[in-house]
Amino acid sequence: MRVSELLIPTLREVPAEAEVASHRLLLRAGFIRKVAAGIYTYLPLAQRVLMKIKAIVREEMNRIGGQEILLPIIQPAELWHQSGRWNVYGPELFRLQDRHKRDFCLGPTHEEIVTALVAAEVRSYKQLPLLLYQIQNKYRDERRPRFGLLRGREFVMKDLYSFDRDEEGLDRSYQKMFEAYTRVFSRMGLRFRAVEADTGAIGGSVSHEFMVLADSGEAVIVYCPDEACGYAANVEKAESMFVPETGGEEAPLEMVATPGMRTVEEVIGFLGVPAKRLVKTLLYRTERGLVAALVRGDREVNEVKLQNHLDVLTLELADEAAIEAATGAPVGFSGPVGLKVPLVVDREVAALKAAVTGANKADAHFVNVCPGRDFPVTGTADIRLVAAGDPCARCGKPLAEVRGIEVGQVFKLGEKYSRVMEAFYLDEQGIQRPMVMGTCGIGITRAMAAAVEQHHDADGIIWPVSIAPFHAVVLPVNVQDAEQAAAAGRVQQALAAAGVEAVLDDRAERPGVKFKDADLVGYPVRVTAGRHVAEGMVEVHNRRTRESALVPEEEAVTAVKKFLEA
Ligand code: ATP
Ligand code: MG
């Protein structure tokens, strides 16, 4: 193929709206163009990368016995009512009506459709286990579409659904999915880590996310540096070892004046107490009304844990007016004593014997607050955000933190969907049982962007060979020079014959432009036919290592292959 004939509209300028490297580089190198917020067109180079990622994914899904299907994008609301998710999914679900005013949505995920299919078509234990998957567009009206392909509103996902007879079957399917994902991301040349994860809107019990390690990642991962321990979790899910501290001896409750002292730092500085003896009282709005979450002054609330604990659909920090109405005091002086709002008390707060809290009165705090005595503590909750340095939940060693991009997730769903959607089968005894389900998804388009986040430099993208749009570019320095042009053509032919995907940059551009574009697009290897062609030599260059070798034209294929295999 010739660059002069390909649609590769590279840009010199850095697009202003692009905050992260993958967004910037995929725009600049002519891979994608924006159509609307979170909605993109994939140009020929991007499509080639996506096809390669899909091919790897297909091979690995087929290897574990997955059967490829294609489910519709447009889904009738009835199915979503049946699963209960029409309401649960909220504003992220793209909803539409047909001409008869019947409700539909654009699939953000396909549990409903696939479970309904299997419920109708599968009857017997003999047909299980069943692993069905598809590669297809997904639609989510994300609150903040951003970072280019990393968080789109239309994106490509591979989703697989497993149907088993029992929990043991699900365990086996889960293991297969987990191993298949490990192979997929390894073959893509990504540095990644599988971490324990929250199950979110999909639901279920056990889940792992596959995180590509990158500073630009939106996800925070905490992990135990002790490899023998190996604990790693999304911070949304992470726990740490519970080390109860009392913060002093029990004493009578006392109100003290704290004029203008609102923040943790102000209060602890003024009263001369450590942050871990202070209790933060945060008011949240939910669909069931206000709740107050209590964590120690040296901790943050983990809103995912809090939401799971409360089992609510919406959770947002209350605004100033709501706080003042509920506490009778300005923001900064809220406290649990006498508060007429349900309390969720973190276990570390419950362990305190003498704490400092707001007094629900302007410019005042309570000291010697004893949870259980001065305000009710019902049940235990773990709602704190774990941070680097906290003791590992398993071994107690200090945890470390890294950022990651979630490229895939596997879930054990159990009977959540099969029961409500009546996906039953008959076992050997003829007894009807619900199928036990699992699911997993890979963000194909996000994985492409994640690969760029991990593999680029100041000059452009450096594609891992397995997913590169082309393996090599052959670049005649001066196309006007008949010898150079001919040598470049011969090398490209020889590469093609040897199974190496090579493009010929036959454009009558200045050499500088062509070299810059080759670096920007990120072909793993560049073959330059320049002045050394006169001596029968071409230059072979490795994009990643920046190594170059001047070789006889006949040895170019061998030299290119050596770089591709390195
Ligand atoms: P996130 O937490 O990042 O919003 P999610 O957990 O909601 O993602 P899943 O439902 O687990 O996503 O979807 C499976 C995979 O689809 C994700 O691991 C991710 O790779 C991809 N994905 C999810 N949302 C998007 C999006 N808005 N844009 C691109 N890819 C996405
Ligand atoms: Mg996920």
Can you tell me which residue within the range 219-275, out of those that are without any contact (Cβ under 8 Å) to a residue 24 or more places away in the chain and closer than 30 Å to Arg446 by Cβ, is nearest to ligand 2 (Cβ to nearest atom)?
Gly230
Would you check if there is a residue in the range 380-390 being modelled with pLDDT under 95 and open to solvent by 10 Å² or more (accessible area, probe 1.4 Å)?
yes
The residue that is nearest to ligand 2 (Cβ to nearest atom), considering only those in the range 199-210 that are surrounded by fewer than 19 Cβ atoms within 10 Å (Cβ to Cβ) and over 11 Å from Lys412 (Cα atoms), is Gly200
Looking only at the range 419-463, filter to residues that are within 21 Å of the chain's Cα centre (by Cα) and open to solvent by 10 Å² or more (accessible area, probe 1.4 Å); which one of those is nearest to ligand 2 (Cβ to nearest atom)?
Gly441
Looking at Met261, is it touching a helix residue (DSSP H, G or I) at 6+ places or on another chain (Cβ under 6 Å), open to solvent by 30 Å² or more (accessible area, probe 1.4 Å) and away from ligand 1 (no atom under 16 Å from the Cβ)?
yes
For Ala498: the one exception among (1) surrounded by fewer than 16 Cβ atoms within 10 Å (Cβ to Cβ); (2) aliphatic (A, V, I, L, M); (3) in contact (Cβ under 8 Å) with a residue 40 or more places away in the chain; (4) touching a strand residue (DSSP E or B) at 6+ places or on another chain (Cβ under 9 Å)
(4)
Would it be correct to say that Pro524 is more than 16 Å from Leu6 (Cα to Cα) and either buried (at least 24 other Cβ atoms within 10 Å of the Cβ) or assigned by TED's automatic domain parsing to the domain that holds Asn542 (or both)?
yes
Screening Gly169, Gly269 for residues that are away from ligand 1 (no atom under 16 Å from the Cβ), farther than 22 Å from Lys305 by Cα and open to solvent by less than 50 Å² (accessible area, probe 1.4 Å) leaves only Gly169
How many residues are away from ligand 2 (no atom under 16 Å from the Cβ) and open to solvent by 50 Å² or more (accessible area, probe 1.4 Å) if we restrict to the range 183-198?
4
Pick from the range 413-456, criterion among the polar types (S, T, N, Q) and without any contact (Cβ under 8 Å) to a residue 40 or more places away in the chain, ranking: farthest from Arg543 (Cα to Cα):
Gln429
If I filter the range 99-123 down to residues being in contact with a strand residue (DSSP E or B) (Cβ under 9 Å, 6 or more places away or on another chain) and open to solvent by 30 Å² or more (accessible area, probe 1.4 Å), which single residue comes out as nearest to Ile74 (Cα to Cα)?
Leu106
Residue check, Glu401 in contact (Cβ under 8 Å) with a residue 40 or more places away in the chain, closer than 24 Å to Val304 by Cα and either within 29 Å of the chain's Cα centre (by Cα) or open to solvent by less than 10 Å² (accessible area, probe 1.4 Å) (or both):
yes
In the range 172-208, which residues are within 16 Å of ligand 1 (Cβ to nearest atom) and at positive phi?
Gly200, Gly203, Gly204
Going through the range 358-376 one residue at a time, which ones are open to solvent by 50 Å² or more (accessible area, probe 1.4 Å) and not small (Gly, Ala, Ser)?
Lys361, Asp363, Arg373, Pro376
What is the number of the single condition among (1) over 24 Å from Arg288 (Cα atoms); (2) open to solvent by less than 30 Å² (accessible area, probe 1.4 Å); (3) of a type in the set (A, V, I, L, M) that Val341 does not meet?
(1)
Answer with yes or no whether Val35 is within 15 Å of ligand 1 (Cβ to nearest atom), at pLDDT below 95 and surrounded by fewer than 18 Cβ atoms within 10 Å (Cβ to Cβ).
no
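The values are calculated or read from the model by the stated rules, or taken from the named source; none is laboratory data. As the structure is a computational prediction, the values presented were derived from the model and not from experiment. Note: ideal-geometry Cβ built from the backbone for every residue, glycine included; neighbour counts use all protein chains shown. Accessible surface areas use protein heavy atoms only, side chains included; no ligands, DNA or RNA. Shrake-Rupley method; radii C 1.70, N 1.55, O 1.52, S 1.80 Å.
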